[in-house]
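Below you'll find the structure, written out as structure tokens, and then a few comments.
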Amino acid sequence: MSIGSVPLATTDLKIVEGDRKNSTMICAPVMAETVDEMLIQMGKAKELGADLAEVRIDYLKNFSLRSDLSILIKQAPLPTLITYRPKWEGGEYDGDESQRRDALRLAMELGADFIDIELKVAQEFYNSIKKRPEKVKIIVSSHNYENTPTVEEIGNLVATIQATGADIVKVATTAVDITDNARIFQILVHSQVPTIAVAMDERGLMSRILSAKYGGFLTFGSIEAGEVSAPGQPTIKELLELYNFRQIAADTKVHGVIGKPISHSKSPHLYNSAFRALGFNGIYLPLLVDGVANFINTYSSPDFVGYSYTIPHKEDGLRCCDEIDPIAKEIGAISCMIRRPTDGKLMGYNVDYLGAIAAIEEALRASNGAPASSSPLAGKLFVVMGAGGAGKALAYGGYEKGARVVVANRTYAKAKELASKVGGQAITLDELKDFHPEEGMILANTTSVGMKPRIEDSPLPKEALKRYSLVFDAIYTPKWTRLLQEAKECGAIVVFGTEMFINQAFVQVERFTGLPAPKQLMRDVLARNT
Ligand code: NAP
């Protein structure tokens with residue numbers, strides 16, 4: 001299925017002002033036990049930049065209906081959406097149904113901007129309204145906490161909701177796979193009335209953010225992290241600062257990092273900051289993907305343009321490319337995929353090695369003033385510890401730059417296989433302890449030895465480090481591994497794993513945008529987020 005660019009939703013409540021490029025509102029769920037606390041939360045939501053507050057009165061304890069509702073609506077610093085969600089639809093209210101509906105009718109009379117009524121009882125509710133204040137808009141909602149039905153089923157659901165006379169349709173489903181979001185986007189694109197459509201849970205995050213691209217009426221943003229009214233909600237701050245929500249437009253190009261797990265990734269911070277600084281009309285999302293081929297086939301429109309790949313999908317990513325650069329083919333894994341604008345073909349690259357090699361070259365140049373025209377790695381003895389994904393990238397990188405490569409790995413057979421591909425020598429990690437054919441060698445660690453939490457470990461004893469002029473460690477948690485600390489004590493130049501990470505991000509930003517990466521800004525963002 002293909003998702004195309006769509007016009008923004010048309011509604012008389014449309015908000016497009018200043019540098020806002022979409023009319024999708026950010027709605028803060030307000031859930032507290034007292035009216036005072038709710039008013040404080042609404043104040044915070046306004047300060048954070050929300051457009052309206054969903055007042056979840058089912059969370060209130062011991063409240064006096066008329067007076068408290070009046071205070072909440074009249075003193076609210078933001079437009080209000082009054083929701084009184086019953087237990088049978090995932091809410092907190094467990095009382096008499098007719099009292100619940102009385103409360104919603106009262107909210108209308110008291111001047112609420114929106115009220116939410118569940119589809120199951122919407123018709124009865126409409127029938128019970130005697131005089132409807134003009135201002136209020138009625139949202140008729142349906143929640144599915146199990147899955148996201150087929151597009152036909154959701155289409156029928158939307159039609160049923162519309163038939164009730166709803167001013168605004170709300171459909172919330174549960175994403176069990178990231179491809180479920182595509183059906184949510186289809187609903188938004190085709191809906192004839194203002195529509196709120198989101199898929200809940202971590203795999204549904206993209207539906208919440210891209211609702212701005214597909215013309216959703218609103219998306220929900222929590223006031224505090226973790227204090228959500230439904231699973232998978234981002235915070236208002238994340239929507240505005242991390243995902244540049246106001247700048248998302250119908251033609252915004254979608255990028256992201258494909259991995260599993262992915263919520264820990266710092267990449268969305270780096271790339272979205274870079275895109276914003278460059279004025280580039282793109283967004284970069286964390287993409288929790290279970291099956292790469294399914295993801296790629298589902299999001300096949302020209303607007304889904306670029307991905308970074310991380311563990312465990314680098315090999316599967318390669319199998320989904322139309323064309324693969326020779327290094328990625330040799331390594332057997334990609335770290336970056338770009339849709340070629342001219343023909344939509346998917347191009348696969350491995351830029352991991354560029355990041356690490358650039359960092360090593362930079363440090364060598366800084367130490368010996370070598371000219372920028374030739375690689376300071378050329379002719380050097382380059383020892384790569386490890387023969388996994390990062391090991392392959394480093395070994396091929398060194399080989400490309402004309403270094404003499406030695407692969408040292410715990411499992412000798414893997415060292416041998418990799419060394420044979422880069423015309424190098426293979427040894428075991430044990431043998432590396434007494435390996436000193438010459439002075440001034442370069443050492444790169446790509447094993448996971450020394451990574452958090454086992455920070456006391458090191459892949460090579462300190463004694464052996466004296467023979468190296470430069471030591472690089474791919475590990476970046478912690479930044480100062482034991483290996484790097486000891487290498488420094490032995491007088492070697494040290495190069496951090498964070499340098500590999502940031503350098504490959506520079507390369508990808510440049511490939512995604514066609515513009516020079518804002519390097520200092522990206523460094524600052526990484527420093528703030530690690
Ligand atoms: P991988 O494909 O799983 O390879 C792991 C390597 O470590 C293998 O060579 C393995 O040897 C070796 N190893 C694991 N445990 C060992 C132990 N106890 N003793 C000796 N050797 C051991 O992993 P990867 O993707 O290459 O990642 C490796 C490291 O690089 C990780 O720490 C990762 O965080 C880091 N990394 C950093 C960046 C960056 O941007 N800075 C990018 C990618 C990776 P065997 O073959 O004998 O199992």
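Residue-by-condition table, conditions (1) within 11 Å of the ligand (Cβ to nearest atom); (2) modelled with pLDDT of 95 or more; (3) touching a Ser or Thr at 6+ places or on another chain (Cβ under 7 Å):
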| position | (1), (2), (3) |
| --- | --- |
| Ser367 | no, no, no |
| Ser373 | no, no, no |
| Leu381 | no, yes, no |
| Leu394 | yes, yes, yes |
| Val406 | no, yes, no |
| Leu429 | yes, yes, no |
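For the range 372-388, name all the residues that are on the phi > 0 side of the Ramachandran plot and surrounded by 15 or more Cβ atoms within 10 Å (Cβ to Cβ).
The one that is on the phi > 0 side of the Ramachandran plot and surrounded by 15 or more Cβ atoms within 10 Å (Cβ to Cβ): Gly386.
Checking the structure you have, find out if any residue of the range 341-361 is open to solvent by 10 Å² or more (accessible area, probe 1.4 Å), assigned to a helix (DSSP H, G or I) and more than 15 Å from the ligand (Cβ to nearest atom).
yes
Which of the residues that make up the range 113-122 are under 17 Å from Leu72 (Cα atoms) and either open to solvent by 10 Å² or more (accessible area, probe 1.4 Å) or more than 38 Å from the chain's Cα centre (by Cα) (or both)?
Once the filter is applied, which keeps residues that are under 17 Å from Leu72 (Cα atoms) and either open to solvent by 10 Å² or more (accessible area, probe 1.4 Å) or more than 38 Å from the chain's Cα centre (by Cα) (or both), the range 113-122 yields only Asp113.
Show the residue pairs meeting these rules: Cβ distance below 7 Å; 6+ apart or different chains; first residue within the range 40-56 and among the polar types (S, T, N, Q); second residue at pLDDT 95 or above.
The qualifying pairs are Gln41/Val30; Gln41/Ala32; Gln41/Ile223.
Inspect all residues belonging to the range 92-112 and state whether any of them is under 32 Å from the mean Cα position of the chain (by Cα) and open to solvent by 10 Å² or more (accessible area, probe 1.4 Å).
Checking the range 92-112: at least one residue is under 32 Å from the mean Cα position of the chain (by Cα) and open to solvent by 10 Å² or more (accessible area, probe 1.4 Å).
Of everything in the range 252-283, what is in contact with a Leu (Cβ under 8 Å, 6 or more places away or on another chain) and open to solvent by less than 10 Å² (accessible area, probe 1.4 Å)? Give them in sequence order.
Answer for the range 252-283, where residues must be in contact with a Leu (Cβ under 8 Å, 6 or more places away or on another chain) and open to solvent by less than 10 Å² (accessible area, probe 1.4 Å): Val254, His255, Gly256, Val257, Ile258, Gly259, Ile262, Pro268, Leu270, Asn272, Ala274, Ile283.
Need pairs with beta-carbon distance below 7 Å; first residue without any contact (Cβ under 8 Å) to a residue 24 or more places away in the chain and within the range 313-342, second of a type outside the set (A, V, I, L, M, F, W, C) and away from the ligand (no atom under 16 Å from the Cβ); sequence gap 6+ or separate chains.
Listed pairs, sorted by first residue: Ala328/Gly348.
If you check every pair at least six apart or on different chains, which have Cβ atoms under 6 Å apart with a residue in the range 497-513 that is closer than 15 Å to His269 by Cα and of a type in the set (A, V, I, L, M, F, W, C) first and a residue that is more than 8 Å from the ligand (Cβ to nearest atom) and not in a helix (DSSP H, G or I) second?
As it stands, the answer is Phe506/Ala517; Val509/Ala517, since those pairs meet every condition given.
If you take the residues of the range 467-498 that are within 29 Å of Asp434 (Cβ to Cβ) and of a type in the set (D, E, K, R), which of them is farthest from the ligand (Cβ to nearest atom)?
My answer is Glu489.
Would the range 517-527 turn up any residue that is away from the ligand (no atom under 12 Å from the Cβ), at pLDDT below 95, surrounded by fewer than 18 Cβ atoms within 10 Å (Cβ to Cβ) and under 20 Å from the mean Cα position of the chain (by Cα)?
Yes, because at least one residue in the range 517-527 is away from the ligand (no atom under 12 Å from the Cβ), at pLDDT below 95, surrounded by fewer than 18 Cβ atoms within 10 Å (Cβ to Cβ) and under 20 Å from the mean Cα position of the chain (by Cα).
When the residues of the range 450-491 are filtered to those that are farther than 21 Å from Leu354 by Cα and touching a residue at least 60 places away in the same chain (Cβ under 8 Å), which remaining residue is nearest to the chain's Cα centre (by Cα)?
Pro459
So Thr160 clears everything in (1) touching a strand residue (DSSP E or B) at 6+ places or on another chain (Cβ under 7 Å); (2) at pLDDT 95 or above except one condition, right? Which one?
Condition not satisfied by Thr160: (1).
Could you check the range 198-314 for strands (runs of 3 or more DSSP E) lying wholly inside it with 1 or more residues that are among the aromatic types (Phe, Trp, Tyr)?
218-220, 282-288, 304-309
Has the range 409-423 got any residue that is in contact (Cβ under 8 Å) with a residue 60 or more places away in the chain, open to solvent by 60 Å² or more (accessible area, probe 1.4 Å), more than 10 Å from the ligand (Cβ to nearest atom) and more than 21 Å from Asn503 (Cα to Cα)?
yes
Within the set of pairs 6+ apart or on separate chains, which have a first residue in the range 273-290 that is in contact (Cβ under 8 Å) with a residue 60 or more places away in the chain, a second that is open to solvent by less than 30 Å² (accessible area, probe 1.4 Å) and of a type in the set (Lys, Arg), and C-beta atoms under 8 Å apart?
Cβ pairs passing all conditions: Ile283/Lys213.
If you check Gly369, Gly398, Gly402, which single one turns out to be free of Cβ contacts under 8 Å to residues at least 60 places away in the same chain and at negative phi?
Result: Gly398 is the single residue among Gly369, Gly398, Gly402 that is free of Cβ contacts under 8 Å to residues at least 60 places away in the same chain and at negative phi.
Condition first: crowded, with 24+ Cβ neighbours inside 10 Å and out of contact with any Cys (no Cβ under 9 Å at 6 or more places or on another chain). Now tell me which residues in the range 471-496 satisfy that.
Phe472, Asp473, Ala474, Ile475, Thr481, Leu483, Leu484, Ala487, Val495
Only one residue in Pro133, Pro77, Pro86 is without any contact (Cβ under 8 Å) to a residue 60 or more places away in the chain, open to solvent by less than 10 Å² (accessible area, probe 1.4 Å) and over 30 Å from the mean Cα position of the chain (by Cα), so which one is that?
Exactly one residue qualifies, and that residue is Pro86.
The conditions are (1) at positive phi; (2) surrounded by 18 or more Cβ atoms within 10 Å (Cβ to Cβ); (3) away from the ligand (no atom under 13 Å from the Cβ), and Gly450 fails exactly one of them. Which is it?
Unmet for Gly450, out of (1) at positive phi; (2) surrounded by 18 or more Cβ atoms within 10 Å (Cβ to Cβ); (3) away from the ligand (no atom under 13 Å from the Cβ): (3).
Filter the range 328-340 down to the residues that are assigned to a helix (DSSP H, G or I) and open to solvent by 20 Å² or more (accessible area, probe 1.4 Å), then identify the one that is farthest from the ligand (Cβ to nearest atom).
Across the range 328-340, the extreme among qualifying residues is Lys329.
Does Phe506 satisfy the condition of being crowded, with 23+ Cβ neighbours inside 10 Å and in a helix (DSSP H, G or I)?
no
The values are calculated or read from the model by the stated rules, or taken from the named source; none is laboratory data. This is a predicted model, so every value here is computed, not measured. In this analysis, Cβ positions are derived from the backbone assuming ideal geometry, glycine residues included, and neighbour counts consider all displayed protein chains. For accessibility, only protein heavy atoms count, side chains too; no ligands or nucleic acids. Shrake-Rupley method; radii C 1.70, N 1.55, O 1.52, S 1.80 Å.
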